[in-house]
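Report on the following structure.
The values are calculated or read from the model by the stated rules, or taken from the named source; none is laboratory data. Just so it is clear, the structure is predicted and the values come from calculations on it, not from any experiment. Cβ: placed from backbone, ideal geometry, glycine included. Neighbour counts: every protein chain shown.
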(Lines give C-alpha, C1' and ligand atoms only; values in the text may rest on other atoms or scores of the structure.)
Protein backbone atom coordinates (compact mmCIF):
# COMPACT_ATOMS: atom_id res chain seq x y z
CA UNK A 1 0.00 0.00 0.00
CA UNK A 2 1.39 3.37 -1.00
CA UNK A 3 2.03 5.63 1.97
CA UNK A 4 0.33 9.00 1.67
CA UNK A 5 1.96 12.28 2.50
CA UNK A 6 1.42 13.22 6.13
CA UNK A 7 0.57 16.86 6.87
CA UNK A 8 0.72 17.46 10.66
CA UNK A 9 -2.23 19.23 12.23
CA UNK A 10 0.09 21.84 13.73
CA UNK A 11 1.24 23.00 10.30
CA UNK A 12 -2.32 22.97 8.95
CA UNK A 13 -3.49 25.30 11.71
CA UNK A 14 -0.38 27.46 11.40
CA UNK A 15 -0.74 27.82 7.62
CA UNK A 16 -4.47 28.55 7.86
CA UNK A 17 -3.91 31.38 10.32
CA UNK A 18 -0.92 32.69 8.36
CA UNK A 19 -2.89 32.66 5.12
CA UNK A 20 -5.81 34.40 6.83
CA UNK A 21 -3.52 37.19 7.97
CA UNK A 22 -1.84 37.46 4.58
CA UNK A 23 -5.16 37.56 2.74
CA UNK A 24 -6.39 40.19 5.20
CA UNK A 25 -3.42 42.45 4.48
CA UNK A 26 -3.63 41.97 0.71
CA UNK A 27 -7.39 42.47 0.49
CA UNK A 28 -7.40 45.51 2.75
CA UNK A 29 -4.61 47.05 0.66
CA UNK A 30 -6.52 46.36 -2.54
CA UNK A 31 -9.71 47.85 -1.11
CA UNK A 32 -7.84 50.95 0.03
CA UNK A 33 -6.21 51.30 -3.37
CA UNK A 34 -9.55 50.92 -5.14
CA UNK A 35 -11.17 53.57 -2.97
CA UNK A 36 -8.15 55.83 -3.43
CA UNK A 37 -8.22 55.44 -7.18
CA UNK A 38 -11.94 56.08 -7.19
CA UNK A 39 -11.47 59.31 -5.30
CA UNK A 40 -8.54 60.47 -7.36
CA UNK A 41 -10.46 59.67 -10.52
CA UNK A 42 -13.29 61.85 -9.28
CA UNK A 43 -10.84 64.75 -9.30
CA UNK A 44 -8.58 63.99 -12.20
CA UNK A 45 -11.30 63.33 -14.73
CA UNK A 46 -12.53 66.88 -14.33
CA UNK A 47 -11.11 69.76 -16.39
CA UNK A 48 -7.41 70.13 -16.56
CA UNK A 49 -6.72 71.65 -13.16
CA UNK A 50 -3.45 73.20 -14.31
CA UNK A 51 -5.19 75.14 -17.05
CA UNK A 52 -7.85 76.19 -14.58
CA UNK A 53 -5.18 77.24 -12.10
CA UNK A 54 -3.35 79.35 -14.67
CA UNK A 55 -6.59 81.08 -15.56
CA UNK A 56 -7.38 81.81 -11.91
CA UNK A 57 -3.86 83.16 -11.33
CA UNK A 58 -4.25 85.50 -14.29
CA UNK A 59 -7.61 86.73 -12.97
CA UNK A 60 -6.15 87.28 -9.53
CA UNK A 61 -3.21 89.23 -10.88
CA UNK A 62 -5.32 91.34 -13.17
CA UNK A 63 -8.62 91.81 -11.37
CA UNK A 64 -7.87 90.95 -7.75
CA UNK A 65 -8.52 88.24 -5.24
CA UNK A 66 -12.30 88.79 -5.03
CA UNK A 67 -12.82 88.17 -8.72
CA UNK A 68 -10.57 85.12 -8.55
CA UNK A 69 -12.63 83.79 -5.63
CA UNK A 70 -15.91 84.29 -7.49
CA UNK A 71 -14.51 82.52 -10.53
CA UNK A 72 -13.26 79.57 -8.44
CA UNK A 73 -16.60 79.33 -6.63
CA UNK A 74 -18.50 79.24 -9.93
CA UNK A 75 -16.14 76.64 -11.39
CA UNK A 76 -16.35 74.56 -8.20
CA UNK A 77 -20.14 74.51 -8.31
CA UNK A 78 -20.00 73.43 -11.93
CA UNK A 79 -17.39 70.72 -11.36
CA UNK A 80 -18.55 69.55 -7.91
CA UNK A 81 -15.22 70.53 -6.36
CA UNK A 82 -13.97 72.73 -3.61
CA UNK A 83 -11.34 75.01 -5.21
CA UNK A 84 -8.92 77.29 -3.38
CA UNK A 85 -6.04 79.38 -4.68
CA UNK A 86 -3.43 80.09 -1.98
CA UNK A 87 0.16 81.17 -1.73
CA UNK A 88 2.85 79.30 0.20
CA UNK A 89 2.16 81.27 3.40
CA UNK A 90 -1.65 80.93 3.31
CA UNK A 91 -2.02 77.28 4.34
CA UNK A 92 -3.99 78.34 7.42
CA UNK A 93 -6.85 79.34 5.14
CA UNK A 94 -7.47 75.68 4.34
CA UNK A 95 -9.98 73.69 6.43
CA UNK A 96 -8.20 71.74 9.19
CA UNK A 97 -9.19 68.35 7.71
CA UNK A 98 -7.75 69.28 4.31
CA UNK A 99 -4.64 70.79 5.85
CA UNK A 100 -4.02 67.59 7.87
CA UNK A 101 -4.31 65.55 4.69
CA UNK A 102 -1.81 67.73 2.89
CA UNK A 103 0.62 67.58 5.80
CA UNK A 104 0.21 63.82 6.29
CA UNK A 105 3.37 62.06 5.22
CA UNK A 106 2.17 58.45 5.56
CA UNK A 107 -1.28 58.52 4.03
CA UNK A 108 -1.41 58.49 0.26
CA UNK A 109 -4.89 59.92 -0.13
CA UNK A 110 -4.54 63.68 -0.40
CA UNK A 111 -6.33 66.58 -2.11
CA UNK A 112 -5.24 67.43 -5.62
CA UNK A 113 -2.50 70.11 -5.44
CA UNK A 114 -1.34 72.01 -8.50
CA UNK A 115 1.78 74.20 -8.11
CA UNK A 116 1.69 77.28 -10.38
CA UNK A 117 4.05 80.01 -11.33
CA UNK A 118 4.28 82.98 -9.00
CA UNK A 119 4.11 80.85 -5.85
CA UNK A 120 0.43 80.04 -6.26
CA UNK A 121 -1.08 76.66 -5.39
CA UNK A 122 -4.49 75.41 -6.55
CA UNK A 123 -6.08 73.01 -4.04
CA UNK A 124 -9.05 70.86 -5.16
CA UNK A 125 -11.13 68.24 -3.34
CA UNK A 126 -14.60 66.87 -3.99
CA UNK A 127 -17.69 68.28 -2.43
CA UNK A 128 -19.73 65.87 -0.25
CA UNK A 129 -22.48 65.64 -2.87
CA UNK A 130 -19.96 64.92 -5.60
CA UNK A 131 -17.61 61.99 -5.86
CA UNK A 132 -17.25 60.34 -2.45
CA UNK A 133 -14.66 61.85 -0.15
CA UNK A 134 -13.40 59.58 2.59
CA UNK A 135 -11.66 60.66 5.74
CA UNK A 136 -8.36 58.88 6.48
CA UNK A 137 -9.83 57.15 9.50
CA UNK A 138 -12.60 55.74 7.30
CA UNK A 139 -9.95 53.77 5.42
CA UNK A 140 -8.63 52.47 8.72
CA UNK A 141 -12.10 51.36 9.77
CA UNK A 142 -12.58 49.60 6.45
CA UNK A 143 -9.27 47.78 6.79
CA UNK A 144 -10.04 46.81 10.38
CA UNK A 145 -13.46 45.58 9.32
CA UNK A 146 -12.04 43.40 6.58
CA UNK A 147 -9.38 42.08 8.94
CA UNK A 148 -12.01 41.24 11.56
CA UNK A 149 -14.27 39.46 9.09
CA UNK A 150 -11.50 37.45 7.46
CA UNK A 151 -9.80 36.44 10.70
CA UNK A 152 -13.16 35.51 12.24
CA UNK A 153 -13.94 33.37 9.21
CA UNK A 154 -10.52 31.73 9.38
CA UNK A 155 -10.89 30.98 13.10
CA UNK A 156 -14.36 29.54 12.51
CA UNK A 157 -13.02 27.29 9.77
CA UNK A 158 -10.12 26.17 11.97
CA UNK A 159 -12.41 25.47 14.93
CA UNK A 160 -14.78 23.53 12.70
CA UNK A 161 -11.88 21.72 11.07
CA UNK A 162 -10.64 20.49 14.44
CA UNK A 163 -13.81 20.13 16.54
CA UNK A 164 -16.16 18.51 14.04
CA UNK A 165 -14.26 15.20 13.75
CA UNK A 166 -13.67 15.23 17.51
CA UNK A 167 -17.41 15.58 18.16
CA UNK A 168 -18.07 12.76 15.71
CA UNK A 169 -15.57 10.48 17.45
CA UNK A 170 -17.01 11.41 20.86
CA UNK A 171 -20.60 10.59 19.79
CA UNK A 172 -19.39 7.36 18.17
CA UNK A 173 -17.59 6.34 21.37
CA UNK A 174 -20.73 7.04 23.41
CA UNK A 175 -22.86 4.97 21.03
CA UNK A 176 -20.39 2.07 21.19
CA UNK A 177 -20.31 2.29 24.99
CA UNK A 178 -24.12 2.10 24.95
CA UNK A 179 -23.95 -1.22 23.11
CA UNK A 180 -23.97 -0.32 19.40
CA UNK A 181 -20.71 -2.10 18.58
CA UNK A 182 -21.30 -1.87 14.82
CA UNK A 183 -20.49 1.85 14.67
CA UNK A 184 -17.09 3.15 13.58
CA UNK A 185 -15.60 6.58 12.92
CA UNK A 186 -16.49 7.90 9.46
CA UNK A 187 -14.07 6.84 6.72
CA UNK A 188 -13.82 10.43 5.53
CA UNK A 189 -12.31 11.40 8.89
CA UNK A 190 -10.10 8.31 9.08
CA UNK A 191 -8.71 9.12 5.62
CA UNK A 192 -7.43 12.55 6.70
CA UNK A 193 -3.68 12.92 6.41
CA UNK A 194 -3.01 14.40 9.85
CA UNK A 195 -3.14 13.49 13.54
CA UNK A 196 -6.95 13.49 13.52
CA UNK A 197 -6.96 10.89 10.75
CA UNK A 198 -4.42 8.80 12.62
CA UNK A 199 -6.48 9.03 15.80
CA UNK A 200 -9.64 7.97 13.94
CA UNK A 201 -7.82 5.03 12.35
CA UNK A 202 -6.38 3.94 15.70
CA UNK A 203 -9.84 4.36 17.31
CA UNK A 204 -11.44 2.09 14.71
CA UNK A 205 -8.69 -0.51 15.08
CA UNK A 206 -8.99 -0.43 18.87
CA UNK A 207 -12.79 -0.78 18.67
CA UNK A 208 -12.50 -3.74 16.30
CA UNK A 209 -10.05 -5.45 18.64
CA UNK A 210 -12.18 -4.81 21.74
CA UNK A 211 -15.35 -6.01 20.02
CA UNK A 212 -13.55 -9.17 18.90
CA UNK A 213 -12.36 -9.80 22.46
CA UNK A 214 -15.85 -9.25 23.87
CA UNK A 215 -17.37 -11.55 21.28
CA UNK A 216 -14.80 -14.22 22.04
CA UNK A 217 -15.49 -13.80 25.76
CA UNK A 218 -19.22 -14.27 25.26
CA UNK A 219 -18.63 -17.33 23.10
CA UNK A 220 -16.20 -18.69 25.67
CA UNK A 221 -18.72 -18.29 28.48
CA UNK A 222 -21.43 -19.93 26.42
CA UNK A 223 -19.27 -22.80 25.17
CA UNK A 224 -17.77 -23.59 28.58
CA UNK A 225 -21.17 -23.57 30.22
CA UNK A 226 -22.77 -25.84 27.64
CA UNK A 227 -19.77 -28.15 27.54
CA UNK A 228 -19.82 -28.52 31.33
CA UNK A 229 -23.51 -29.14 31.71
CA UNK A 230 -23.67 -32.38 29.76
CA UNK A 231 -20.87 -34.23 31.62
CA UNK A 232 -22.12 -32.80 34.92
CA UNK A 233 -25.59 -34.17 34.30
CA UNK A 234 -24.18 -37.56 33.35
CA UNK A 235 -21.88 -37.49 36.38
CA UNK A 236 -24.79 -36.78 38.69
CA UNK A 237 -26.78 -39.71 37.30
CA UNK A 238 -23.77 -41.95 37.72
CA UNK A 239 -23.28 -40.77 41.30
CA UNK A 240 -26.90 -41.42 42.15
CA UNK A 241 -26.69 -44.92 40.65
CA UNK A 242 -23.48 -45.56 42.53
CA UNK A 243 -25.03 -44.42 45.81
CA UNK A 244 -27.79 -47.00 45.33
CA UNK A 245 -25.13 -49.67 45.00
CA UNK A 246 -23.82 -49.31 48.52
CA UNK A 247 -21.00 -46.76 48.24
CA UNK A 248 -20.14 -44.98 51.50
CA UNK A 249 -22.68 -42.26 52.27
CA UNK A 250 -20.04 -39.73 53.40
CA UNK A 251 -18.06 -40.15 50.18
CA UNK A 252 -21.16 -39.89 48.01
CA UNK A 253 -22.33 -36.80 49.90
CA UNK A 254 -18.97 -35.13 49.29
CA UNK A 255 -19.08 -36.01 45.58
CA UNK A 256 -22.65 -34.69 45.30
CA UNK A 257 -21.70 -31.40 47.02
CA UNK A 258 -18.87 -30.83 44.55
CA UNK A 259 -21.18 -31.72 41.69
CA UNK A 260 -23.75 -29.22 42.92
CA UNK A 261 -21.07 -26.54 43.19
CA UNK A 262 -20.05 -27.16 39.59
CA UNK A 263 -23.67 -27.04 38.47
CA UNK A 264 -24.21 -23.80 40.37
CA UNK A 265 -21.14 -22.23 38.76
CA UNK A 266 -22.30 -23.38 35.33
CA UNK A 267 -25.75 -21.90 35.96
CA UNK A 268 -24.21 -18.59 37.02
CA UNK A 269 -22.01 -18.45 33.92
CA UNK A 270 -25.06 -19.09 31.73
CA UNK A 271 -26.99 -16.37 33.54
CA UNK A 272 -24.11 -13.94 33.03
CA UNK A 273 -24.00 -14.82 29.32
CA UNK A 274 -27.77 -14.42 29.00
CA UNK A 275 -27.73 -10.96 30.57
CA UNK A 276 -24.75 -9.84 28.46
CA UNK A 277 -26.36 -11.19 25.29
CA UNK A 278 -29.81 -9.68 25.86
CA UNK A 279 -28.72 -6.39 27.43
CA UNK A 280 -31.70 -4.05 27.74
CA UNK A 281 -33.96 -6.27 25.57
CA UNK A 282 -35.09 -8.49 28.46
CA UNK A 283 -38.80 -9.17 28.95
CA UNK A 284 -40.38 -6.83 31.46
CA UNK A 285 -43.49 -6.90 33.63
CA UNK A 286 -44.60 -5.06 36.79
CA UNK A 287 -42.90 -6.50 39.88
CA UNK A 288 -43.12 -5.54 43.54
CA UNK A 289 -39.58 -5.46 44.99
CA UNK A 290 -40.88 -6.08 48.55
CA UNK A 291 -42.64 -9.29 47.54
CA UNK A 292 -39.59 -10.42 45.60
CA UNK A 293 -37.33 -9.77 48.60
CA UNK A 294 -39.63 -11.73 50.91
CA UNK A 295 -39.44 -14.66 48.50
CA UNK A 296 -35.63 -14.44 48.38
CA UNK A 297 -35.40 -14.31 52.19
CA UNK A 298 -37.69 -17.36 52.56
CA UNK A 299 -35.52 -19.33 50.14
CA UNK A 300 -32.37 -18.36 52.05
CA UNK A 301 -33.84 -19.08 55.50
CA UNK A 302 -32.37 -22.59 55.78
CA UNK A 303 -28.92 -21.45 54.68
CA UNK A 304 -29.03 -18.48 57.05
CA UNK A 305 -30.00 -20.79 59.91
CA UNK A 306 -27.13 -23.12 59.01
CA UNK A 307 -24.75 -20.12 59.05
CA UNK A 308 -26.32 -18.97 62.35
CA UNK A 309 -26.94 -15.57 60.81
CA UNK A 310 -30.15 -13.59 61.33
CA UNK A 311 -31.77 -11.80 58.36
CA UNK A 312 -33.71 -8.63 59.14
CA UNK A 313 -35.96 -6.86 56.63
CA UNK A 314 -37.01 -3.26 57.16
CA UNK A 315 -39.17 -1.28 54.73
CA UNK A 316 -40.92 2.05 54.82
CA UNK A 317 -44.73 2.01 54.50
CA UNK A 318 -44.73 3.80 51.16
CA UNK A 319 -42.31 1.27 49.61
CA UNK A 320 -44.75 -1.65 50.00
CA UNK A 321 -46.89 -0.52 47.07
CA UNK A 322 -44.03 0.24 44.69
CA UNK A 323 -43.73 -1.64 41.38
CA UNK A 324 -40.82 -1.78 38.97
CA UNK A 325 -40.62 -3.08 35.40
CA UNK A 326 -38.40 -6.10 34.88
CA UNK A 327 -37.82 -9.83 34.67
CA UNK A 328 -38.82 -11.41 37.98
CA UNK A 329 -36.47 -14.37 37.56
CA UNK A 330 -33.44 -12.21 36.81
CA UNK A 331 -34.13 -9.73 39.60
CA UNK A 332 -34.62 -12.60 42.05
CA UNK A 333 -31.25 -14.01 40.96
CA UNK A 334 -29.63 -10.59 41.46
CA UNK A 335 -31.09 -10.14 44.97
CA UNK A 336 -30.31 -13.74 45.89
CA UNK A 337 -26.67 -13.35 44.81
CA UNK A 338 -26.27 -10.18 46.88
CA UNK A 339 -27.92 -11.80 49.92
CA UNK A 340 -25.84 -14.95 49.51
CA UNK A 341 -22.67 -12.84 49.40
CA UNK A 342 -23.73 -11.08 52.62
CA UNK A 343 -24.54 -14.40 54.38
CA UNK A 344 -21.22 -15.92 53.34
CA UNK A 345 -19.26 -13.09 54.93
CA UNK A 346 -21.23 -12.50 58.11
CA UNK A 347 -19.83 -14.19 61.23
CA UNK A 348 -22.11 -16.52 63.23
CA UNK A 349 -24.29 -14.67 65.69
CA UNK A 350 -24.38 -11.53 63.56
CA UNK A 351 -27.11 -10.28 61.21
CA UNK A 352 -27.73 -9.20 57.65
CA UNK A 353 -29.90 -6.11 57.32
CA UNK A 354 -32.09 -5.65 54.22
CA UNK A 355 -33.99 -2.38 53.82
CA UNK A 356 -36.21 -0.66 51.26
CA UNK A 357 -36.75 3.07 50.96
CA UNK A 358 -38.55 5.22 48.42
CA UNK A 359 -37.05 8.34 46.87
CA UNK A 360 -38.39 10.50 44.01
CA UNK A 361 -38.52 8.20 40.98
CA UNK A 362 -36.45 5.42 42.59
CA UNK A 363 -36.80 2.48 45.00
CA UNK A 364 -33.60 1.86 46.97
CA UNK A 365 -32.65 -1.58 48.35
CA UNK A 366 -29.74 -1.91 50.79
CA UNK A 367 -28.06 -5.19 51.82
CA UNK A 368 -25.76 -4.60 54.80
CA UNK A 369 -23.79 -7.36 56.53
CA UNK A 370 -21.87 -7.28 59.79
CA UNK A 371 -18.73 -8.84 58.36
CA UNK A 372 -15.21 -7.45 58.13
CA UNK A 373 -15.93 -5.28 55.09
CA UNK A 374 -13.44 -4.83 52.25
CA UNK A 375 -10.48 -2.58 51.60
CA UNK A 376 -11.45 0.73 49.98
CA UNK A 377 -9.09 0.20 47.05
CA UNK A 378 -10.92 -2.95 45.89
CA UNK A 379 -14.51 -1.75 46.32
CA UNK A 380 -14.70 -0.79 42.65
CA UNK A 381 -13.57 -4.31 41.61
CA UNK A 382 -16.26 -6.23 43.52
CA UNK A 383 -18.58 -6.31 40.51
CA UNK A 384 -15.98 -7.63 38.06
CA UNK A 385 -16.45 -11.25 36.86
CA UNK A 386 -14.23 -13.80 38.64
CA UNK A 387 -12.92 -11.21 41.09
CA UNK A 388 -12.60 -12.49 44.65
CA UNK A 389 -11.74 -10.35 47.64
CA UNK A 390 -10.52 -13.36 49.63
CA UNK A 391 -7.76 -11.46 51.43
CA UNK A 392 -10.24 -9.10 53.02
CA UNK A 393 -13.42 -11.21 53.13
CA UNK A 394 -12.31 -14.81 53.38
CA UNK A 395 -15.28 -16.13 51.41
CA UNK A 396 -15.61 -18.95 48.90
CA UNK A 397 -17.03 -18.82 45.40
CA UNK A 398 -16.08 -17.89 41.85
CA UNK A 399 -16.54 -14.14 41.88
CA UNK A 400 -19.59 -14.31 39.61
CA UNK A 401 -22.46 -13.52 41.99
CA UNK A 402 -22.01 -9.75 42.27
CA UNK A 403 -20.95 -9.46 38.62
CA UNK A 404 -24.22 -11.12 37.56
CA UNK A 405 -26.18 -8.88 39.94
CA UNK A 406 -24.54 -5.77 38.48
CA UNK A 407 -25.36 -6.75 34.89
CA UNK A 408 -28.95 -7.61 35.80
CA UNK A 409 -29.49 -4.31 37.64
CA UNK A 410 -27.93 -2.30 34.80
CA UNK A 411 -30.11 -4.16 32.28
CA UNK A 412 -33.12 -2.92 34.29
CA UNK A 413 -31.88 0.71 33.99
CA UNK A 414 -30.89 0.67 37.66
CA UNK A 415 -27.79 1.47 39.67
CA UNK A 416 -25.67 -0.63 42.02
CA UNK A 417 -22.82 0.41 44.31
CA UNK A 418 -20.79 -0.95 47.20
CA UNK A 419 -19.35 0.81 50.25
CA UNK A 420 -18.22 0.01 53.76
CA UNK A 421 -20.72 0.82 56.50
CA UNK A 422 -19.94 3.32 59.23
CA UNK A 423 -19.92 0.55 61.86
CA UNK A 424 -18.18 -2.03 59.66
CA UNK A 425 -19.41 -4.56 57.17
CA UNK A 426 -20.19 -4.21 53.47
CA UNK A 427 -23.24 -2.44 52.09
CA UNK A 428 -24.59 -3.16 48.61
CA UNK A 429 -27.02 -0.48 47.46
CA UNK A 430 -29.40 -1.08 44.55
CA UNK A 431 -31.63 1.57 42.98
CA UNK A 432 -34.36 0.74 40.45
CA UNK A 433 -36.62 3.19 38.61
CA UNK A 434 -40.19 3.18 39.94
CA UNK A 435 -42.89 2.09 37.50
CA UNK A 436 -46.00 2.62 39.64
CA UNK A 437 -47.05 3.28 43.25
CA UNK A 438 -50.31 1.87 44.58
- Message: Take the conditions surrounded by 14 or more Cβ atoms within 10 Å (Cβ to Cβ) and either modelled with pLDDT of 70 or more or part of a helix (DSSP H, G or I) (or both) and apply them to residue 254. Does it pass?
- Response: no
- What are the residues in the stretch 164-188 that are part of a loop (DSSP other than H, G, I, E, B) and surrounded by 11 or more Cβ atoms within 10 Å (Cβ to Cβ), if any? 178, 181, 183, 184, 185, 186
- Query: Which residue out of 191, 205, 173 is free of Cβ contacts under 8 Å to residues at least 12 places away in the same chain and in contact with a helix residue (DSSP H, G or I) (Cβ under 8 Å, 6 or more places away or on another chain)?
  - Reply: 191
- Message: Quick check on this structure: which one of 7, 31, 25 is part of a loop (DSSP other than H, G, I, E, B) and at pLDDT below 80?
- Response: 7
- Quick check: is even one residue across the stretch 368-377 at pLDDT 90 or above, loosely packed, with under 15 Cβ neighbours inside 10 Å and either within 21 Å of residue 333 (Cα to Cα) or assigned by TED's automatic domain parsing to the domain that holds residue 301 (or both)? no
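Condition check ((1) in the same structural domain as residue 411 (by TED's automatic domain parsing); (2) in a helix (DSSP H, G or I); (3) modelled with pLDDT under 90; (4) within 22 Å of residue 408 (Cα to Cα)) across all residues:
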site: 303; (1), (2), (3), (4): yes, yes, yes, no
site: 323; (1), (2), (3), (4): yes, no, no, yes
site: 335; (1), (2), (3), (4): yes, yes, no, yes
site: 338; (1), (2), (3), (4): yes, yes, no, yes
site: 353; (1), (2), (3), (4): yes, no, no, yes
site: 356; (1), (2), (3), (4): yes, no, no, yes
- Query: Just one of the numbered conditions (1) modelled with pLDDT under 90; (2) part of a loop (DSSP other than H, G, I, E, B); (3) surrounded by fewer than 20 Cβ atoms within 10 Å (Cβ to Cβ) is not true of residue 348; which one?
  - Reply: (1)
- Conditions: (1) under 26 Å from residue 141 (Cα atoms); (2) at pLDDT below 75; (3) surrounded by fewer than 16 Cβ atoms within 10 Å (Cβ to Cβ); (4) under 38 Å from the mean Cα position of the chain (by Cα). Residue 19 meets all but one. Number of the miss? (2)
- Item | Extreme residue, modelled with the lowest pLDDT, among residues of the stretch 305-321 that are surrounded by 14 or more Cβ atoms within 10 Å (Cβ to Cβ) and over 25 Å from residue 360 (Cβ atoms) | 307
- Message: If I go through the stretch 398-419 residue by residue, how many of them are over 33 Å from the mean Cα position of the chain (by Cα) and either closer than 21 Å to residue 370 by Cα or at pLDDT 85 or above (or both)?
- Response: 2
